[in-house]
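Asks: Can you read through this structure? Questions will come right after.
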Amino acid sequence: MEYSALSELLRVTADLKIISLAGGLPAPESFPLKIIKKLNDLVLKKYKGASFQYGPTDGAMVLREEIAQWLVKRNMKVVAENIGVTSGSQGALDTIGKIFIDEGDIIAVESPTYIGAIDAFAPYNPKYVEIQTDEDGVIPESLDQILKTKKIKFVYLIPTFQNPSGKTIPWERRKQIAKIIKKYNALLIEDDPYNSLRYRGKPVDPIQTLIPNNTVYLCTFSKVLAPGLRIGFYSAPKDIANLMMAAKQSVDLHTNSYGQYLAAEYLKTGDLKKHLPKILKIYKSRLETMLTSLDKYFPNNFSWTKPEGGMFVWVTGPKNFDAVKLYWKAIKNNVAYVPGTYFFATPGVGKNTMRLNFTNVSEIQIEAAIKKLSEVIKSL
């Protein structure tokens, strides 16, 4: 285990003068503070000392039941007994690495993929094979070829508003992927933290709805309640759920009890459903501002994704463009982003790409940052 180069790059973004398009942070103004204050009183009255006590490793049953009902509304095939609560979905990723990965095991990931997953799996020393992608995400034929020719421990995908690309795999392609996973009896880890953050278009059901016995589904309350509570969860086949609970027990015994009861009541009272449109209104405006600003200021030889939701826009420059080199010049101009090369499992790939976050900065800051960034690009 070691510090990543990305950690060092992002250290400088703490400077308040810098407009950071780098982190994947929710907007503080999206947090339901008034609702949390009300729920706090409800939790203390209803659960009393239990909300501050040690709890079950797999999570408070009241929360697991509410999560099950929430997921069933997404057409998922789940039961509370197969759901476990974790310290954010990052905690679930670490647990998956712990129970599944032996040194040298091969994991199939999107190209690019979530750097937090690579970091979570790294201590177990796996190898990676990258699944080819296009504008609709994972290419099924590439996945089929990988599973046909290699011994894969599991497939890790973020099908909806992917981090870092913002892409969403369409329903017809999800059916193809599910068919391939089932054909080879493979295991899918479906990471779905951004599912609720849709600003336009129609929702697409998780792949888990098609192959529940081959899928470990991960999600979190970090994007719709507050990341500081560290409440994530998984839904898995019973035998895998039992293994994940056993692996978690030695790490932290259980996840934050108070946060679990808050999350349970957030769902039970319907406050999540009431508050979500406020979150979507904030982020939709910011995404539109970013896309408009990119159209207005960026050079014609750059392209970018146009996501229907999530938190990120993925920018691709010409082949000779170096986003890491540009980063330090951008910092001098008080703008930060994440160079895209860090999201590829193969070192050195994607040097001409960058990830831009729009959720934690205002519309005015977004336009100013994109304008400055374009000026630095043109100066090179």
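The values are calculated or read from the model by the stated rules, or taken from the named source; none is laboratory data. Since the structure is predicted, the reported quantities are computational estimates derived from the model, not experimental observations. Please note: Cβ atoms are built from the backbone with ideal geometry, for glycine as well, and neighbour counts cover all protein chains shown.
Asks: Could you tell me whether region 150-159 includes any residue that is at pLDDT 95 or above and at positive phi?
Replies: no
Asks: In addition: What number of residues within region 327-365 are among the aromatic types (F, W, Y), touching a Phe, Trp or Tyr at 6+ places or on another chain (Cβ under 8 Å) and in a helix (DSSP H, G or I)?
Replies: Within region 327-365, residues that are among the aromatic types (F, W, Y), touching a Phe, Trp or Tyr at 6+ places or on another chain (Cβ under 8 Å) and in a helix (DSSP H, G or I) number 2.
Asks: Taking region 167-203 on its own, how many of its residues are assigned to a helix (DSSP H, G or I) and either aromatic (F, W, Y) or on the phi > 0 side of the Ramachandran plot (or both)?
Replies: 1
Residue-wise test of (1) of a type in the set (G, A, S); (2) in contact with a Phe, Trp or Tyr (Cβ under 8 Å, 6 or more places away or on another chain); (3) in the same structural domain as T341 (by TED's automatic domain parsing).
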| site | (1), (2), (3) |
| --- | --- |
| I139 | no, no, no |
| L147 | no, yes, no |
| P159 | no, no, no |
| A178 | yes, no, no |
| L197 | no, yes, no |
| K202 | no, no, no |
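Asks: Let me ask something additional. If you check A323 against the conditions, is it over 29 Å from P203 (Cβ atoms), in contact with a helix residue (DSSP H, G or I) (Cβ under 8 Å, 6 or more places away or on another chain) and outside the structural domain of G166 (by TED's automatic domain parsing)?
Replies: Yes.
Asks: While we're on this one: List the pairs whose first member sits in region 57-68 and is touching a residue at least 12 places away in the same chain (Cβ under 8 Å), whose second member is among the acidic types (D, E) and not in a loop (DSSP other than H, G, I, E, B), and whose Cβ atoms are under 8 Å apart, counting only residues at least 6 apart or on separate chains?
Replies: The qualifying pairs are R64/E81.
Asks: Counting just the residues of region 14-30 that are farther than 10 Å from N334 by Cβ and surrounded by 18 or more Cβ atoms within 10 Å (Cβ to Cβ), which one comes out modelled with the lowest pLDDT?
Replies: G24
Asks: Applying the selection to region 212-262, what residues are free of Cβ contacts under 8 Å to residues at least 60 places away in the same chain, in contact with a Lys or Arg (Cβ under 8 Å, 6 or more places away or on another chain) and farther than 14 Å from L187 by Cα?
Replies: G259, the sole residue that qualifies.
Asks: In addition: Which residues, counting only those in region 353-380, are in contact (Cβ under 8 Å) with a residue 60 or more places away in the chain, closer than 16 Å to G23 by Cα and of a type in the set (A, V, I, L, M, F, W, C)?
Replies: Across region 353-380, the qualifying residues are L356, F358, V361, I366, A369, I370.
Asks: Could you check T168 against (1) surrounded by fewer than 21 Cβ atoms within 10 Å (Cβ to Cβ); (2) at pLDDT 95 or above; (3) under 22 Å from T316 (Cβ atoms) and say which number it fails?
Replies: If we test T168 against (1) surrounded by fewer than 21 Cβ atoms within 10 Å (Cβ to Cβ); (2) at pLDDT 95 or above; (3) under 22 Å from T316 (Cβ atoms), just (1) comes out false.
Asks: What is the one condition in (1) free of Cβ contacts under 8 Å to residues at least 24 places away in the same chain; (2) surrounded by 19 or more Cβ atoms within 10 Å (Cβ to Cβ); (3) of a type in the set (D, E, K, R) that R286 does not satisfy?
Replies: (1)
Asks: Would you pick out the residues in region 100-116 that are among the hydrophobic types (A, V, I, L, M, F, W, C), at pLDDT 95 or above and within 26 Å of V315 (Cβ to Cβ)?
Replies: A108, V109
Asks: Which members of region 252-275 meet the condition of being farther than 20 Å from V224 by Cβ and either exposed (fewer than 14 other Cβ atoms within 10 Å of the Cβ) or touching a strand residue (DSSP E or B) at 6+ places or on another chain (Cβ under 6 Å) (or both)?
Replies: Hits for region 252-275 are D252, L253.
Asks: A follow-up question, please. Search region 81-132 for residues being aromatic (F, W, Y) and surrounded by fewer than 20 Cβ atoms within 10 Å (Cβ to Cβ), and hand back the single one that is farthest from A246 (Cα to Cα).
Replies: Within region 81-132, the match that is farthest from A246 (Cα to Cα) is Y128.
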